[in-house]
Amino acid sequence: MTRQLQLLAASTMPRRAVPGRSVLDPSVTRMRVRPGDLDFYLHVNNGVYLQMMDVARSNYIADLGGFPLLQDKGWYPVVAASTVKYRRSLRLWDRFEITTRVLGWDERVVYLEQVFTRRGDLCARGLVAGRFLERGTGERVPAPAVVGLLGGEPVSPALADDVAAWARAVDVAHRDAPVAGS
């Protein structure tokens, strides 16, 4: 429940925008492991990582000053697919960072990487395909339109081969255009 409240706060009372921040610049969210984050084995539960990633993505949007822009358009983000690879456990009271960055986009989704580190050591890496929908209709908003609204260039950087392969494997890649790396 704590992470859900944290997400609510990050989305409704976002932190201040970072001047000069671009869509491709990384966003860093600092957190600490709390008792409610732990599972029976006393390390962070795998589902809690996803909640933490939600908070970090909201902070990424806040860093761009994106919440008022998205609200004016009536657009909101949803996750189309996500995958997390766990390397090292996070344990009670550990301080850690989640670095969120956009890797690229196609007509359907924006591809993000979210990396968990503790004192510089890699703990987990998440890949997320994010989509934006229009309030009321639920219609998809083309990812390039969202990137443009947030100040990004219309042309996506090429996706790394592993990300492009993942996008095809989880069936989120735009089907009419070639995905970088293919």
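The values are calculated or read from the model by the stated rules, or taken from the named source; none is laboratory data. All of these numbers come straight from a predicted model, not from anything done at the bench. Every residue, glycine among them, receives a Cβ derived from its backbone with ideal geometry; neighbour counts consider all protein chains shown. Just the protein is used for accessible areas: all its heavy atoms, side chains included, with ligands, DNA and RNA removed. Shrake-Rupley method; radii C 1.70, N 1.55, O 1.52, S 1.80 Å.
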Which numbered condition G126 fails, given (1) modelled with pLDDT of 95 or more; (2) open to solvent by 30 Å² or more (accessible area, probe 1.4 Å): (2)
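Regarding T117, is this residue out of contact with any Cys (no Cβ under 8 Å at 6 or more places or on another chain) and of a type in the set (S, T, N, Q)? Reasoning before the result, please.
Values: out of contact with any Cys (no Cβ under 8 Å at 6 or more places or on another chain): no; of a type in the set (S, T, N, Q): yes.
Answer is no for this residue.
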Residue within segment 46-61 that is open to solvent by 20 Å² or more (accessible area, probe 1.4 Å) and more than 30 Å from D161 (Cβ to Cβ) present: no
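Given the structure, is R15 open to solvent by 70 Å² or more (accessible area, probe 1.4 Å), in a strand (DSSP E or B) and in contact with an Asp or Glu (Cβ under 8 Å, 6 or more places away or on another chain)? Don't jump to the end; show me each part of the working.
Working: open to solvent by 70 Å² or more (accessible area, probe 1.4 Å): yes; in a strand (DSSP E or B): no; in contact with an Asp or Glu (Cβ under 8 Å, 6 or more places away or on another chain): yes.
Considered against the rule, which asks whether it is open to solvent by 70 Å² or more (accessible area, probe 1.4 Å), in a strand (DSSP E or B) and in contact with an Asp or Glu (Cβ under 8 Å, 6 or more places away or on another chain), R15 comes out as no.
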Count of residues meeting criterion [surrounded by fewer than 16 Cβ atoms within 10 Å (Cβ to Cβ), hydrophobic (A, V, I, L, M, F, W, C) and more than 24 Å from A143 (Cβ to Cβ)] in segment 70-103: 2
Subset of segment 28-77 (residues that are in a loop (DSSP other than H, G, I, E, B), in contact (Cβ under 8 Å) with a residue 40 or more places away in the chain and of a type in the set (A, V, I, L, M, F, W, C)): V33, L42, L64
Subset of segment 104-132 [of a type in the set (K, R) and either farther than 30 Å from A145 by Cβ or in a strand (DSSP E or B) (or both)]: R118, R119, R125, R131
